[in-house]
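What follows is a single structure, written as structure tokens, with notes after it.
The values are calculated or read from the model by the stated rules, or taken from the named source; none is laboratory data. Everything quoted here is computed from the prediction, not taken from an experiment. Cβ sites come from the backbone with ideal geometry, for glycine too, and all protein chains shown count toward neighbours.
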Amino acid sequence: MLNQIRVLEGGAQTTVQDLGRFGWAHFGVSASGAADALALRAGNLLVGNAENAAALEMTLVGGAFEFEDDAVIALTGSDFGAWLPLWTPVAVKAGGAIRCGPTRSGARCYLCVRGGLAVPRTMGSASTHLATGVGGRALRRGDLLPIGDAVVRQPRRAAASPPFSRAEALRVTRGPQAEWFGEELYRGTWTVSEESNRMGIRLRGEPIPSPAVHMLTEGVALGAVQAPPDGQPIILFVEHQTTGGYPKPANVISADFWRLGQLRPRDQVAFESVTIEQALGALRAAEEWLYSL
Amino acid sequence: MTAVLAGARGILNLHPAFASVLVELDPRRHTHAEIEKLVRLSVEHAPEEELPASRLVEIPVRYGGEFGPDLDDVARYHDLTPRRIVELHASAEYEVSFVGFATCFPYLAGLRAELATPRLAAPRKHVAAGSVAIAGSQAGVYPLASPGGWRVIGRTPLRLFDPVGEPPPVLRMGDRVRFVPIEEGEC
């Protein structure tokens, strides 16, 4: 038997992801990578992998996967109704299968396997960038995924779920054009639109007045909150375009990127303004939790 | 300035545009103050830096018809014939201001003033890969199928981006571009 995973059901949108490809933005290729990188990193650490190892990212409705040989796996992120506990390394016997269904909490669930997925890398990363086709496509029934050798230590024994809630306000720092905007972004709540995807999270709510200023196209970053003329904000996500001409009142802090990955259509979100120092403090807390695993 | 910064650990991306360079940093490795210091240093040294040689790239284009659905509208807007629009577009030499958007989209400067045309009122949901387009005073080429609001006047069979390999540097910042019409009957 080969050491590989067979896809029995692809689910709504299951892709191979690691932490993304960096250094290609100036060719118009954004990093892609896990939408909830905190869950991916935690899952890899729990099964004893390097934290950047490639794993499966499921979206809203999970898939079913068969293991052709004995494996150690961990499911992290949201609860997609599989039989095994989340945030816990679990041994699976050869021929065993994991079946996931519709989400019972947030938008994404990760299946990390000890050794990682040994799929070809493009531009230094195994991540799938769906919008451009870089790194492949969403998985379908019958796809085979070889398991690799990204092992760095023994699997952990204990379960460890993160001490952070996905329901809190999105913390943001001031964006490059913040001075063109008032406090409208921070008033009330926004609804996540059905049109949201890995490129951008589109929000609906009371429109933000559009500043009457012409802007030159410039480079844009993950988490940037764009305010197009219709006043409905778009949060640039992992597959974002690399340049844009809409003004940006705010930028989601790195420590909250994972929350973006767990937002489902029709979820409500609010924004909370923080300082760079507070943002770095929040990031430190997340890193400390990861390294305690 | 990018040479000084490109080697720095913790800098994830450097993205130049018309009048800006986006520096994407890993806050786990560098503070904002450290990066600012590096940026200031690299700006000081920028004049000494040798730029990569500019290349002249010829892009073959089939103008009009199904390949350039907006050619006739652009001609009407300027009160010129479609043939004249093609002549004007293909007779200029462009410079790649920078590359970005989605996968190697070149922002080209050098569009003849007579061709300056506003964007479509509502963007198209689907612009074909290879579409040669203009918007305002700019020209560009869509490397992959995507939504877009530029006026499409032709299409090139040249692949500006290959998602399977490394991005081939068909066009880089500073390169020069000429559009060469493909005549009827040519394969």
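Observations, loosely collected:
- Residue within region A:164-171 that is among the hydrophobic types (A, V, I, L, M, F, W, C) and buried (at least 19 other Cβ atoms within 10 Å of the Cβ) present: yes
- Strands (runs of 3 or more DSSP E) within region B:1-109 that include 3 or more residues closer than 26 Å to B:G140 by Cα and within 13 Å of chain A (Cβ to nearest Cβ): B:11-16, B:21-25, B:94-100, B:105-109
- Of all residues making up region A:116-130, the number that are within 13 Å of chain B (Cβ to nearest Cβ) and either within 19 Å of A:H240 (Cβ to Cβ) or under 17 Å from the mean Cα position of the chain (by Cα) (or both): 8
- Test: residue in region B:169-177 that is among the basic types (K, R), away from chain A (no Cβ under 13 Å) and farther than 23 Å from B:L56 by Cα: no
- Contact map, region A:101-122: residues that are on the phi < 0 side of the Ramachandran plot paired with residues that are crowded, with 24+ Cβ neighbours inside 10 Å and of a type in the set (F, W, Y), Cβ distance under 7 Å, separation 6+ or inter-chain. Pairs shown: A:G101/A:F80; A:T103/A:F80; A:C109/A:F80; A:L111/A:F65.
- Scan region B:153-165 for residues that are at the interface with chain A (Cβ under 10 Å from one of its Cβ atoms), in contact with a helix residue (DSSP H, G or I) (Cβ under 9 Å, 6 or more places away or on another chain) and either without any contact (Cβ under 8 Å) to a residue 12 or more places away in the chain or not in a loop (DSSP other than H, G, I, E, B) (or both) and the total you get is 0.
- Selected residue (only one of A:G281, A:G244, A:G231 is crowded, with 16+ Cβ neighbours inside 10 Å, more than 19 Å from the chain's Cα centre (by Cα) and more than 22 Å from A:S78 (Cα to Cα)): A:G244
- Any hit, region B:118-136, residues being within 12 Å of chain A (Cβ to nearest Cβ), farther than 15 Å from B:H78 by Cα and under 14 Å from the mean Cα position of the chain (by Cα): yes
- Summed over region A:123-155, the residues that are at negative phi and crowded, with 16+ Cβ neighbours inside 10 Å give a count of 18.
- Top-ranked residue in region A:131-146 [being of a type in the set (A, V, I, L, M) and assigned to a loop (DSSP other than H, G, I, E, B); ranked as nearest to the other protein chains (Cβ to nearest Cβ)]: A:A131
- Checking A:Y246 against (1) within 13 Å of chain B (Cβ to nearest Cβ); (2) of a type outside the set (V, I, T); (3) touching a helix residue (DSSP H, G or I) at 6+ places or on another chain (Cβ under 9 Å), the condition it does not meet: (3)
- Those residues of region A:39-58 which are within 17 Å of the chain's Cα centre (by Cα) and surrounded by fewer than 24 Cβ atoms within 10 Å (Cβ to Cβ), in sequence order: A:E51, A:N52
- Among the residues making up region A:1-46, those that are of a type in the set (A, V, I, L, M), within 14 Å of another protein chain (Cβ to nearest Cβ) and out of contact with any Phe, Trp or Tyr (no Cβ under 7 Å at 6 or more places or on another chain) are A:L19, A:A25, A:V29.
- Neighbours by Cβ (under 8 Å, 6+ apart or cross-chain): first from region B:11-26, among the aromatic types (F, W, Y); second in a strand (DSSP E or B): B:F18/A:E218; B:F18/B:S97; B:F18/B:F98; B:F18/B:Y107
- The sole residue among A:S273, A:S254, A:S196 that is under 27 Å from A:T59 (Cα atoms), more than 14 Å from chain B (Cβ to nearest Cβ), among the small types (G, A, S) and surrounded by 15 or more Cβ atoms within 10 Å (Cβ to Cβ) is A:S196.
- Of the residues making up region A:116-138, one or more are modelled with pLDDT of 95 or more and farther than 28 Å from A:G200 by Cβ.
- Scanning region A:225-245 turns up no residue that is closer than 30 Å to A:C109 by Cβ, among the acidic types (D, E) and out of contact with any Ser or Thr (no Cβ under 9 Å at 6 or more places or on another chain).
- Residue in region A:95-103 that is under 18 Å from the mean Cα position of the chain (by Cα), surrounded by fewer than 22 Cβ atoms within 10 Å (Cβ to Cβ) and within 14 Å of chain B (Cβ to nearest Cβ) present: no
- Hits in region A:199-243 - residues which are within 11 Å of chain B (Cβ to nearest Cβ) and without any contact (Cβ under 8 Å) to a residue 12 or more places away in the chain: A:H214
- Flag for A:P247 being outside any helix (DSSP H, G or I) and modelled with pLDDT under 95: yes
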